[in-house]
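Worksheet: the structure to be examined is printed underneath.
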Amino acid sequence: MQMQDKRSLGIILLNKSVTDFPFDLDKIATQDFGDLTAVYMVENEKKVSFITKEFCQINKIQIGNLHEEALKSQRARHPYTIESMSTVLNIPDSAFGELPFPMYIVKNDRMMFGASVILQPEALLDIAETLRNDFYIIPSSLHEVLVVPDLREPGQEEALNEMVRYVNRAEVGPEERLSDSVILGSKFMDIVCQMNPEMRKKPEL
């Protein structure tokens, strides 16, 4: 699928049950990845236009092909970054007190709709390599996610879920909330690969 001028395909990753999305998703081309949903769009410097199901039907565009082309565009135009919280905030690790694990921010280079980079299998693999472990994806907002290592300790997942719910209520607007619960990286890799049959072999985290 070729885009002329400076238009490009893009993806917004959201949660139908959590995100207060102001448009009718029944008419827009989407694909579910577990509890999350990829919404496909065409964007330029000035505006975003959503790709409709009708457009895909008329032009015989399969949703899987649309997804792959959107990922290619995402990789080329807005690459992802994985940075430690201390680096991003320019403060020493000691400022985080007794936090029992390192925390990283995963986003794209423009800080907009960056949560969708976790749909790239290579991003999930890079996170696992950075943390040297399986990991939890903390859904910070539509624009970024946080990741922490899976310590395989009782109560870690529920503690993180409580943190997500608190932050969502206190700091994240309804239209930018991604989810109320964390996602295990290896499970999300399974979902990403299962939804895209062209990925013949699932990479291992």
If I go through the stretch 96-145 residue by residue, how many of them are within 14 Å of ILE12 (Cβ to Cβ), open to solvent by less than 20 Å² (accessible area, probe 1.4 Å) and part of a strand (DSSP E or B)?
4
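Report, by residue number, each residue of the stretch 148-171 that is touching a Pro at 6+ places or on another chain (Cβ under 9 Å) and either under 17 Å from MET85 (Cα atoms) or surrounded by fewer than 19 Cβ atoms within 10 Å (Cβ to Cβ) (or both). Before you say what the answer is, go through the steps one by one.
If we filter the stretch 148-171 for residues that are touching a Pro at 6+ places or on another chain (Cβ under 9 Å), which is where we start, we get 148-149, 151, 153, 156, 164, 168.
Correct list: VAL148, PRO149, LEU151, GLU153, GLN156, VAL164.
Quick check on this structure: which one of TYR80, TYR40 is within 17 Å of the chain's Cα centre (by Cα) and closer than 17 Å to MET111 by Cα? Even if it seems obvious, please write down each step before you answer.
Details: TYR40 fails: closer than 17 Å to MET111 by Cα.
Answer to the check: TYR80.
In this structure, is SER17 assigned to a strand (DSSP E or B), modelled with pLDDT of 85 or more, of a type in the set (S, T, N, Q) and open to solvent by 20 Å² or more (accessible area, probe 1.4 Å)?
Numbers: assigned to a strand (DSSP E or B): no; modelled with pLDDT of 85 or more: yes; of a type in the set (S, T, N, Q): yes; open to solvent by 20 Å² or more (accessible area, probe 1.4 Å): yes.
In short, no.
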Matching residues, the stretch 28-71, being of a type in the set (Lys, Arg) and either in a strand (DSSP E or B) or exposed (fewer than 13 other Cβ atoms within 10 Å of the Cβ) (or both)
LYS46, LYS47, LYS60
Among the residues of the stretch 188-201, how many are assigned to a helix (DSSP H, G or I) and either at pLDDT 95 or above or open to solvent by less than 60 Å² (accessible area, probe 1.4 Å) (or both)?
6
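The values are calculated or read from the model by the stated rules, or taken from the named source; none is laboratory data. For clarity, every value in this text was computed on a predicted model and none was experimentally measured. Cβ sites come from the backbone with ideal geometry, for glycine too, and all protein chains shown count toward neighbours. Accessible surface is based on the protein model in full, side chains and every heavy atom, while ligands, DNA and RNA are left aside. Shrake-Rupley method; radii C 1.70, N 1.55, O 1.52, S 1.80 Å.
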